[in-house]
Amino acid sequence: SEDTVLYDVTERIATVTLNRPGTRNALSSDVLRLLPSVIAKAESSNDVDVIILTGADPAFCAGLDLKELGSTGGNLGSSSNRERGPFPRLSKPLIGAINGVAITGGFELALNCDFLIASEHAKFGDTHSQVGVMPGWGLTVLLPQAIGVRRAREMSFTGNFMLAEEALAFGLVNHVVPHAELLPFTRSLARDICENEQDGVRQIRSTYDAIATDDDAWESEARYGRAWSRAQFTPEKVA
């Protein structure tokens with residue numbers, strides 16, 4: 001299971017890769033255990049200035065592993081025990097390199113990155129309402145910040161997908177590039193960051209976090225999500 005999240009450091013850039021391609025990198029209990037620890041490793045490493053999060057082709061992340069969710073629901077508990085969001089608190093920039101579909105929990109992983117670069121193959125979807133699982137990593141806060149509350153509501157109510165070029169037009173992603181150029185392009189931006197004074201980069205990142213964070217909104221999502229899980233969620237609904 002240690003191979004389900006890969007870690008590589010080159011040129012002061014840590015690349016973290018979700019590596020369950022046969023399940024479209026779905027979030028199992030193993031992945032949910034390993035991912036924050038690998039991100040924390042990059043955060044604490046003196047050899048890393050920037051972190052890139054991506055997935056093994058063909059997907060970025062399909063969200064919670066529905067097979068596990070429908071049998072034991074164990075990965076739902078694993079996904080809700082963080083203080084806030086899917087990652088430990090970070091001082092270093094985290095760039096999402098979105099190589100394919102980013103769905104529900106996978107979409108939330110992407111939204112928790114500082115900014116996103118998308119392959120032409122990328123698609124984004126919020127299907128929480130289709131499977132009866134509530135957001136727990138800030139989707140109802142971060143998605144309207146990215147694309148506006150009306151578009152966010154449409155995505156969440158319908159479950160419809162947003163393609164890469166549409167995501168670019170709406171400001172969800174910063175760039176759309178040919179699939180083969182996704183990691184080289186993302187790494188070039190990461191190198192640009194690495195060339196700057198890192199204490200300054202991290203202070204500016206901290207300032208953006210302070211300005212953009214809405215504590216009441218995050219707490220509301222967490223409270224409603226917990227109440228829903230207690231009252232409504234059963235593995236049988238997912239299965």
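Read-outs throughout are calculated quantities, based only on the coordinates presented, and are distinct from any laboratory measurement. Everything quoted here is computed from the prediction, not taken from an experiment. Glycine also receives a Cβ, built like all others from the backbone with ideal geometry; neighbour counts cover every protein chain displayed.
Please give the Cα centre distance for segment 216-233 versus segment 144-195, rounded to the nearest Å.
27
How large is the translational diffusion coefficient of segment 110-239 in µm² per second when you combine the Kirkwood radius over alpha carbon pairs with Stokes-Einstein at 25 °C and 0.890 mPa s?
For the chosen part, D equals 147 µm²/s.
Hey, can you rank 173-184, 88-99 by average C-beta count inside 10 Å, highest first?
Sorting 173-184, 88-99 by mean packing, highest first, produces 88-99, 173-184.
Ignoring everything except DSSP H segments at least 4 long, calculate the 222 nm mean residue ellipticity for the chain; use -39,500 (n - 2.57) per segment, divide by total residues, nearest 500.
-13500 deg cm²/dmol
Rounded to two decimals, what ratio of Rg to Rh does the chain give with C-alpha atoms and a Kirkwood Rh?
0.94
Evaluate 2.2 N^0.38 Å with N set to the residue count of segment 1-54, then give the Cα radius of gyration divided by it.
1.11
Only bridges whose two residues both fall in the chain count here: according to DSSP, what percent of them are antiparallel, nearest 5?
Here the share of antiparallel DSSP bridges comes out near 30 percent.
What is the pair-distance distribution P(r) of segment 139-214, computed from all Cα-Cα distances in 10 Å bins starting at 0, with each bin given as a whole percent?
16, 33, 36, 14, 1
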